[in-house]
Amino acid sequence: MKRNRELLERAFPAAYIQQGLNATQAYKQIKRGASYETARVEGSRILAKPAVQKRIQELLPDDSLEAEVIINALQDKPTREINWTEKHKFLETSLKLKGYMTDRPESGTNIGIIIER
């Protein structure tokens with residue numbers, strides 16, 4: 001049983017990132033057939049472990065790489081394939097993944113972007 005738990009905790013960080021930082025869905029990805037309630041409780045429990053949180057941070061790109069990608073994406077003029085709406089979604093997703101932006105209105109982060117012409 002302990003071996004299964006260790007394997008689950010090793011697989012969880014990658015699944016958590018693949019599932020858009022959703023612990024419930026990450027658990028369900030690893031443990032197919034788990035009920036929603038079990039996945040919610042167990043996913044939250046695994047996510048609370050410091051070693052798991054550390055591994056998630058290691059798997060996410062560091063801030064300098066993230067900043068470079070965001071700056072490059074914003075500086076390039078939109079083409080027919082990529083428009084400003086898609087660039088906005090990219091920026092929003094990047095900031096959410098790094099924890100700088102949440103869906104909770106009470107948590108505020110000031111983000112300044114300078115767009116030069």
| message | All but one of (1) within 22 Å of residue 97 (Cβ to Cβ); (2) at pLDDT 90 or above; (3) surrounded by fewer than 18 Cβ atoms within 10 Å (Cβ to Cβ) hold for residue 30; state the number of the condition that does not hold. | response | (3)
| query | So which residues in segment 13-25 are of a type outside the set (Ser, Thr, Tyr) and either under 16 Å from residue 96 (Cβ atoms) or surrounded by fewer than 19 Cβ atoms within 10 Å (Cβ to Cβ) (or both), if there are any at all? | reply | 14, 17, 18, 19, 20, 21, 22, 23, 25
| Can you name the residue in segment 33-62 that is surrounded by fewer than 16 Cβ atoms within 10 Å (Cβ to Cβ) and of a type in the set (D, E, K, R) and, of all such residues, is farthest from residue 94 (Cα to Cα)? | 37
| query | Which members of segment 1-33 meet the condition of being touching a Ser or Thr at 6+ places or on another chain (Cβ under 9 Å) and among the β-branched types (Val, Ile, Thr)? | reply | 24
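The values are calculated or read from the model by the stated rules, or taken from the named source; none is laboratory data. Just so you know, these numbers come straight off a predicted model, no measurement behind them. Note that each Cβ is placed from the backbone with ideal geometry, even for glycine, and that neighbours are counted across all protein chains shown.
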